[in-house]
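These notes are about the structure you will find just below.
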Amino acid sequence: MSTSFRTCPLCEATCGLRITMDGDHVTDIRGDRDDVFSLGFICPKGAKLGDLDEDPDRLKAPLVKRDGEFVEVSWAEAFAEVDRGLAAVRAQYGANAVALYLGNPSVHTMAGPVYNGVLAKSLGTRNIYSASTSDQMPKQVSCGYVFGDPFAIPVPDLDRTDFLLMLGANPLESNGSLCTAPDFPGRLKKLRARGGRFVVVDPRRTRTAELADQHLFIRPGADAVLLFALVHTLFDENLVAPLDPVVSGVDELRALAASFPPDAVAQACGIDAETIRQVARDLAAAPTAAVYGRIGTTTAEFGTLSSWLVDALNVLTGNLDRPGGAMFPAAASRATYVRRRPFRMGRWHSRVRGLPEATGELPVATLADEITTPGQDQIRALFTVAGNPALSAPNGPRLGEALAELEFMVSVDPYLNETTRHATVILPPPRVLQAPHFDWALAGFGVRNFANYSPPILPLPAGRPGEAEILARLILIAAGQGPEAEPGGLEEMMIGGLLAKAVAAPGSPVAGQDVDTLRAMIDGDTPLERWLDMSVRLGPYGDGFGANPGGLTLNVLRANPHGIDLGPLRPRLAEVLSTEDGKVRLCPAELAADVPRLRGWLAEQRPGFVLIGRRHLRSNNSWMHNVPALVSGTNTCTLHIHPDDAKRLAVTAGQRVRLSSKSGTIEVPVDLTEKIMPGVVSLPHGWGHTAPGTKMKVAHTVPGANANAVTDASIVDVLSGNAVFNGVPVEIRAT
Ligand SMILES: Nc1nc2c(c(=O)[nH]1)N[C@H]1C(S)=C(S)[C@@H](COP(=O)(O)OP(=O)(O)OC[C@H]3O[C@@H](n4cnc5c(=O)[nH]c(N)nc54)[C@H](O)[C@@H]3O)O[C@H]1N2
Ligand SMILES: Nc1nc2c(c(=O)[nH]1)N[C@H]1C(S)=C(S)[C@@H](COP(=O)(O)OP(=O)(O)OC[C@H]3O[C@@H](n4cnc5c(=O)[nH]c(N)nc54)[C@H](O)[C@@H]3O)O[C@H]1N2
Ligand code: SF4
Ligand SMILES: [Mo]
């Protein structure tokens, strides 16, 4: 028996796990009480990480499709096949005929954030897609325009705030997102215990809402008008805090908000005007407060406007960048001396629908169009890394059909699932416990600053590449170096590139030094460890390659298997602001341009049912339904409907109904609950494991239905191109 400590890689909460093993078999997983951040918290998914890791359906060798059948091949053969297939498509159709889709776990693996950007570059295509445009792109676009940096996303200072206004988030199930807070539920309870208050805005009375001081049912999609009405009230009742001269655009925002008085939006929101005014007053009166909006607000038709107004409220109430308000975390691996160029988007547009590029990618809502519409630059080949867009993308089944038309497809994925079944080559990463872990991205959203590195618990089997090596080899193939090129040179080139920037940057701890001298100082047994050592040494807590003795290095991280607490969030707006004029742009013209569309929406009548999503604690998007312990009990794919609606439709609990929209029809059993607004129905996503040719035995027995068969890829949040999953018009009929 051996005991190891490792950060859970499954969601954004970064819980420390205490893992007991018998040989290479997990016998027990519990929360690591000594973890500096999670303090022993764990959820059922983390506790079953062993089952997931040892799932017999995980692929053990690469697969290549020959005559329509997958066959196991050696790694060398698999990479040779990738090289052949990619070269053929590029030679015939050019670089833009190749696309890349990065899924959600590509942010959670240690290798993903290091290599994926390089892979995108070496493919040299404009057809880059990711789960970001079915998730948080609206927030990135709004922060891009307001703060100048699409990665400067403020998080609620959960442990110190006196008042939290939370819209479209359900951390009791999701454990938080764009807000890394292990034991989010416990932190909310503590907020109340110290006399603070929190208010939840959600079309469902969720478990989070039940814990709150106040819950406001809202009509799906109405967040932007509600937020405008809150802004309106702050101005109208003189509740705006004294503002720092760094804030520009206050008068412009006031003028825009003038057309959204609470009385004008009350009906669309389903919240009465006086309640709206009271929320604004409470927000303004609280000693400190934070407004936080998540997936319910971003995967909606006005996702970017809502994301913007969330931060506008934080600014107007004086809560941006102050303890207890909304603050910018400082990740250990992200250098703070780097001056970023002011955010721009729409530098190119998608071919078929003309949707704008943002952060270097195009909206996944148009991936199917780009595959199926003939013409120059039509997509003929696709690489997917850690993604299952056949289930996760809007209008997923249509995308699935499009995938079948591709001439060549490569998937880096442990499973043969609804998406990867269309691949020509599947390259499976090794077991979770054979991979190292470091949260490059999530530390940038922590409610405390922290750093935690977990080396692999088990060694890689001989001849089996880790995810880093798989990605590095794909980069080399894409760069024309062939399937046999060794990744070592690439990695040293990447390190050299970053060091060259660091020595040239004024304010960097290594400014003016020699790259090769620094390179020789880097520690680490693997390329990822070397990258980590370099990154944290150049980061805000690093040893600066000697400039700051005692600062963070890989060795310090290794010596602290329960993580390192780097303290509460500290104000750092000046460090973060990257706008052209150095201001917080409270009313960017690019965002204001979408307000007429919102006014149009407000004037419309919308009869009929609308569909929204929901998450269950024991699920995670599409890929945890193959673990028996996670697909029992309450984790089921049912349609939540209000009993009054059910009565009108003459359906009873457990009965199957036909749910249809413009895009498609599915059949699902209903669950009656008063916890959902009348006129709104809710279905979790990630289900619909019915496709032939997959290898997920357990998931097949509990298939559920694909919510994205009824979502509509033709409707996007116009500013960001993000998918719309909430507020989808649907019809319901008893079967
Ligand atoms: N209707 C509706 N649709 C939604 C949403 C919604 O709320 N409603 N939510 C959206 C959101 S927020 C997101 S983020 C997307 C997610 O969209 P995707 O990322 O496309 O979907 P996932 O289900 O997360 O698929 C993850 C894939 O990664 C694989 N994987 C797991 N671990 C690893 C690993 O270590 N390495 C590699 N290479 N692969 C791995 C899994 O086998 C699986 O195939 O879904 C979106 N879709
Ligand atoms: N257990 C579990 N944890 C997860 C995931 C998972 O699938 N399962 N997925 C992970 C991922 S990829 C992400 S992005 C995060 C997401 O994390 P959260 O944003 O917390 O996601 P949800 O739990 O879906 O909560 C969204 C809430 O928005 C509500 N909602 C729907 N429409 C509207 C609307 O129009 N307005 C408002 N105000 N509310 C609305 C829904 O009822 C729901 O309660 O969770 C992550 N963690
Ligand atoms: S909350 Fe998230 S990080 Fe924590 S154990 Fe559960 S899945 Fe893992
Ligand atoms: Mo997500």
Next item on the list: Mind checking the per residue accessible area of the range 587-717 for me, 1.4 Å probe, whole number of Å²?
Entry: 41
Next item on the list: Indicate the gyration tensor shape class of the range 607-734 (rounded, prolate or oblate), computed on the Cα atoms with a ≥ b ≥ c the square roots of the eigenvalues: a/c under 1.5 is rounded; otherwise a/b larger than b/c is prolate and the rest oblate.
Entry: oblate
Next item on the list: Take the alpha-carbon centre of the range 670-692, take the same for the range 581-610, and report the distance between them in whole Å.
Entry: 28
Notebook entry, point to check: Under the classification rounded if a/c is under 1.5, otherwise prolate if a/b is larger than b/c and oblate if not, where does the range 490-598 fall, given a ≥ b ≥ c as square roots of the Cα gyration tensor eigenvalues?
Noted result: prolate
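Taking a cut-off of 12 Å, what percent of all Cα-Cα pairs in the range 1-54 are separated by more than that?
Across the range 1-54, Cα pairs with separations above 12 Å total 57 percent.
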Margin query: For a bin width of 20 Å, list the pair-distance distribution of the chain built from all Cα-Cα distances, rounded to whole %.
Written below: 17, 53, 28, 1
Notebook entry, point to check: If you wrap a convex hull around the Cα atoms of the range 89-234, how much volume per residue is inside, in Å³?
Noted result: 159
Notebook entry, point to check: Shape of the range 251-364 from its Cα gyration tensor (a ≥ b ≥ c, root eigenvalues): rounded if a/c is under 1.5, otherwise prolate when a/b > b/c, or oblate?
Noted result: oblate
Margin query: Out of all DSSP beta bridges in the chain, what portion is antiparallel? Express it as a percent rounded to 5.
Written below: 50
Note to self: About the Cα centre, and with charges only on the beta carbon of Lys, Arg (+1) and Asp, Glu (-1), how big is the dipole of the range 1-54? Nearest 20 debye, please.
What the structure shows: 200
Note to self: Can you compute the charge dipole magnitude of the range 607-734 about its Cα centre, using +1 on each Lys and Arg Cβ and -1 on each Asp and Glu Cβ, nothing else charged? Give it in debye, rounded to the nearest 20.
What the structure shows: 340
Check: Any idea which of Asn708, Met1, Pro561 is furthest toward the positive side of the dipole for the chain, if Lys and Arg beta-carbons carry +1 and Asp and Glu beta-carbons -1?
Finding: Asn708
Check: Counting only protein heavy atoms, what percent of the accessible surface of the range 233-337 is carbon or sulfur at a 1.4 Å probe?
Finding: 51
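Between beta-carbons, use under 13 Å as the cut-off and find the net charge around Ala592, counting Lys and Arg +1, Asp and Glu -1. Mind showing how you got there, number by number?
On the way: positive: Arg254, Arg585, Arg597, Arg599; negative: Asp251, Glu252, Glu590, Asp594.
Charge balance near Ala592 sits at 0.
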Note to self: So if I place +1 on the C-beta of Lys and Arg and -1 on the C-beta of Asp and Glu, and nothing else carries charge, what would the dipole magnitude of the chain be about its Cα centre? I want it in debye, nearest 20.
What the structure shows: 920
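So what is the relative contact order of the chain, in percent, for Cα pairs below 8 Å that sit 6 or more residues apart?
19
The values are calculated or read from the model by the stated rules, or taken from the named source; none is laboratory data. Fair warning: this is a prediction, and the values are worked out from it, not measured in the lab. Don't worry about glycine lacking a Cβ; one is built from the backbone with ideal geometry, like all the others, and counts go over all protein chains shown. Heavy atoms of the whole protein, side chains included, go into the accessibility calculation; ligands, DNA and RNA do not. Shrake-Rupley method; radii C 1.70, N 1.55, O 1.52, S 1.80 Å.
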